[in-house]
Amino acid sequence: MTKNRKQLIKYIIFFLIAAVLIYVVTYCCFLGDGFLSAGKDMEKKDWLGFFGAYLSFIGTVAVSIAAALQSSYYNKRENQRRAYERFELIQPIFSIDISERNSHVGNYALAINPSDSSTFPRFDNFTLKIKNLGEYPALHICIFEKYMFPVIDSKEEKKILVAFEDSEDVKKYPKGIPAILPLEDMDRGGERLPYEFNIAYDDIDGNSVFQTFKLMDFEEKKYYSLKKREVTVESEKRNFAD
């Protein structure tokens, strides 16, 4: 039972007790000879008739107030339900794929000797492919605490080249790697992938949200699965509905 409903029941009980007490006190005042005068050219039955009509009026008003409060309560719940459904509808559904490992960095030209394998470049990085499977775009996307994209539209995919701070790629090609991660973010199993990361974004209603993805392993296949979603700043629309 919600707090508003408990409060409404408390008011109704209080009103019923007050109504019974008023009736008992009024009845006692005019019982027998009583201690109140009926007044000039009036009898006690006239006052009793007045109090009866008055109590009927109070009862009608009380029922109307209770109905209004109940209607307001259910309207608020309906607005909250609609706001929640709207919020769920406009959220992006991110699909995260580790598309490449140790790929060539940027547009750097490398000199190699085809007959000497020691001259072949060795890279230390990974590429994340992020696709929005939802029906609505995500705006102002920040990943690894960096502003990455102004928008990821519905069914659109983006790629990010990532490396850890101790990678030789970071030293050789610092401008070719948009996301550089601290070593403490590395998977505890020794895999050179972050064990989890956040995608922060704004939805089309102005809510600021982030989704946390955790590195999973199934039959030696690494993938990222949604761990949680949290709203950091609610839009005025959502606050109004609450």
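Details
- Within the stretch 25-59, considering residues that are open to solvent by 90 Å² or more (accessible area, probe 1.4 Å) and under 28 Å from residue 12 (Cα atoms), the one modelled with the highest pLDDT: 57
- Residues within the stretch 213-231 that are closer than 14 Å to residue 91 by Cα and either charged (D, E, K, R) or open to solvent by less than 90 Å² (accessible area, probe 1.4 Å) (or both), tallied: 4
- Residue check: residue 141 meets all listed conditions (1) in contact (Cβ under 8 Å) with a residue 60 or more places away in the chain; (2) open to solvent by 20 Å² or more (accessible area, probe 1.4 Å) but one, namely (2).
- Sole residue being closer than 17 Å to residue 84 by Cα and in contact (Cβ under 8 Å) with a residue 12 or more places away in the chain, chosen from 168, 230: 230
- The stretch 177-195: number of residues that are part of a strand (DSSP E or B) and open to solvent by 60 Å² or more (accessible area, probe 1.4 Å): 1
- Here the condition is being in a strand (DSSP E or B), open to solvent by 50 Å² or more (accessible area, probe 1.4 Å) and at pLDDT 90 or above; of 155, 131, it holds for 131 alone.
- Number of positions in the stretch 72-101 that are in a helix (DSSP H, G or I) and open to solvent by less than 80 Å² (accessible area, probe 1.4 Å): 9
- Hits in the stretch 102-128 - residues which are at pLDDT below 65, among the hydroxyl-bearing types (Ser, Thr, Tyr) and either in a strand (DSSP E or B) or open to solvent by less than 60 Å² (accessible area, probe 1.4 Å) (or both): 119
- Sole exception among (1) over 30 Å from residue 209 (Cβ atoms); (2) at pLDDT 80 or above; (3) open to solvent by less than 50 Å² (accessible area, probe 1.4 Å) for residue 63, by number: (3)
- Flag if residue 193 is more than 21 Å from the chain's Cα centre (by Cα) and free of Cβ contacts under 8 Å to residues at least 24 places away in the same chain: no
The values are calculated or read from the model by the stated rules, or taken from the named source; none is laboratory data. Since this is a predicted model, take the numbers as computed values, not measurements. When we count neighbours, we look across all protein chains shown, and the Cβ atoms used for this are built from the backbone with ideal geometry, even at glycine. These area figures cover heavy atoms from the full protein model, side chains too; ligands, DNA and RNA do not enter into them. Shrake-Rupley method; radii C 1.70, N 1.55, O 1.52, S 1.80 Å.
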